[in-house]
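Here the structure comes first, spelled out in structure tokens, and everything after it is commentary.
The values are calculated or read from the model by the stated rules, or taken from the named source; none is laboratory data. These numbers come from a predicted model, not from an experiment. Note that each Cβ is placed from the backbone with ideal geometry, even for glycine, and that neighbours are counted across all protein chains shown. To get the accessible areas, we keep the full protein, side chains included, count just its heavy atoms, and leave off ligands, DNA and RNA. Shrake-Rupley method; radii C 1.70, N 1.55, O 1.52, S 1.80 Å.
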Amino acid sequence: MPEEIKHSLSENGDLCHEDFPDHAGCIRRSDDNLWLPSEEPCAFENDDVFFNGSADVTVPVCYKRERKMSEPTVRRRSTRSTSTSHDSNFHDYANGDATVEKVEKIKEIPFYGIKKCHTARRSLFSITSGFDDYRGFLNLCVVLLAISNARVFLENILKYGILVDPVQWTSAVLHNPYEWPNLLLILGSNVFILCAFHVERLLAKNHISSKTGIYLHTLNLFVLISLPPIRILRMEPNPIGSLIACSCYVILFLKLWSYAQANKWYRDDYMKAMSKRKLQRTMSMPASSIKLSRDKSETVQIKYPYNLSYRNLYYFIAAPTLCYETSFPRNPTINKVYLAKRVVETLFLFQLELALIQQWIVPVLRKAILPIHNYEGYVVMERLLKLSVPNHLIWLIFFYCFFHSVLNALAEILRFADREFYRDWWNSETIVYFWKAWNIPVHKWCVRHLYKPLLSVGCGKTVAQVSVFLLSAFFHEYLVSIPLQMFRTWAFLGMASQIPLSHVTQVVSKRLSGNYGNMIVWMSLILGQPVAILAYVYYYYVMHYSMT
């Protein structure tokens, strides 16, 4: 054995690295007598392995420089010499008499594809998974809701029997046709329409001043909104007919307010334009505009003062909008198939609502009157929850029937093209957005004729928003108290409570999540209405019937 190799052996026969700097790729012997190559190959030119003839002393294996460590390898252990003397082994090695055997051999295996079935993934319910498709659970909720309501409906049938009677509604409305103050009220509303029209005609001709016109419009609106309470409280007509009459007068009040205010804006712009151009005023419509007005295939762009006509005003009164314009977007033709669908929907849904009220609402209300009178809290709560589901279902049917079927049918008859009567209020995360989205005609009127005018005179946004809510609260109380002929202000307080609730939903949506805000909106709708209904029905029953 060469002298330098002999000196580099340790006491146990291992090869030391520090004496062979050129062979830094060889590592020391492991405990199981296997030699592993290091990351850097050694300087040996082949794979030969030196041994000293004993199983205890082995020279490390070295790779060639061109061998790649990343390739898959397999080690195989070969037989070793059975010599027991270290000296004789080294002596034989030095003389070249000993047989050299390979202790280990590295065999390369060609690379083949690895069949993997696992990778790093998140569970679907984890927030970090990014999964958000839960349509199956939504369908499950719908199925469970249908099953639970079907059970309640069957329980109602078994307990009360079939209570649906269309003749009962007809007789209630047509009872004593010689005393129909509500029908006379509706027909008499034309007087206020004509008064508003002639006031505008006088203003356009400069026969009265703008200030006088404001006073006359204000007086007209005040008498309009005051006439139904006076007439209904004196005659005591049917509450259902009174509700219809009051609703017509509230709608007419908002329309004539818009008609007067919008024409004032048009008149001011017209006067400014006339003062700049120094043109002579005329009340005659140009021949080109008259020709276009007769052509129903085109939308006529009418400008002030040519809009002051009976036809223009009554079209606005009949149109499904509360905001007046000189000309509205119109469709060229009437889609008769679409119109027929909306009419069928209206008739079916209206009958369905009446049937649900007779079969589901009336029995619950009758059962709730006595517990309310006796202050039985738990029973009243049970009646409240029992009333909330059918009441909310009827409210949803009413929304679809009125805002989709009725208004679209009316718009199709009049070829009215602006069909945005509602938005996605069911996704409301705040109370404010709900009131903006669920009734677009009213929302547009509030923004155009109340909110923005208040801002223009220097009021803050908070004051303007509160004013909108208070006006809405007034009309809600108006539509409940006058037909029932009782004034309890619960509807007003219920609408006024939307003001602090709107701040609560805004805070919850910002700090927690919009889903929680949406839940609060739904809870207010589901539980708020039954509370008001129970309160009004109880006091109406106390006023008109005996508790014994």
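For this structure, a couple of remarks:
- To the nearest 10, the accessible area of His476 is 70 Å² with a 1.4 Å probe.
- Solvent exposure of the stretch 229-278, expressed per residue, is 55 Å² of accessible area, with all protein chains present and a 1.4 angstrom probe.
- Net charge in the neighbourhood of His449 (other residues with Cβ under 15 Å of its Cβ; Lys, Arg +1, Asp, Glu -1) is +4.
- Probe 1.4 Å, all protein chains present, accessible-area order of Val466, Val504, largest first: Val504, Val466
- Pairwise centroid distance, computed over Cα atoms, of the stretch 302-367 with the stretch 134-155, Å: 32
- Arg151 contributes about 140 Å² of solvent-accessible surface, heavy atoms of the protein only, 1.4 Å probe.
- Dividing the C-alpha radius of gyration of the stretch 326-421 by 2.2 N^0.38 Å, with N its residue count, gives 1.56.
- Computing FRET efficiency as 1/(1 + (r/R0)^6) for Ser309 and Ser129, where r is the C-beta to C-beta distance and R0 is 51 Å, gives about 0.20.
- Surface accessible to a 1.4 Å probe, His207 within the full protein complex, Å²: 120
- Taking Arg511, Arg423 and ordering them by how much accessible surface each has at a 1.4 Å probe, largest first, produces Arg511, Arg423.
- Summed side-chain charge close to Leu203 - residues other than Leu203 whose Cβ falls under 12 Å, Lys, Arg +1, Asp, Glu -1: +3
- In the full protein context, the stretch 381-434 carries 42 Å² of accessible surface per residue, based on a 1.4 Å probe and ignoring ligands, DNA and RNA.
- Nonlocal amide H pairs with Arg330, under 5 Å, H built at 1.01 Å: Ala417
- Summing charges over neighbours of Leu527, with a neighbour being any other residue whose Cβ is under 13 Å away from its Cβ, gives +2 when K and R count +1 and D and E count -1.
- Expressed as a whole percent, the accessible area of the stretch 364-457 that falls on carbon and sulfur atoms is 66 (1.4 Å probe).
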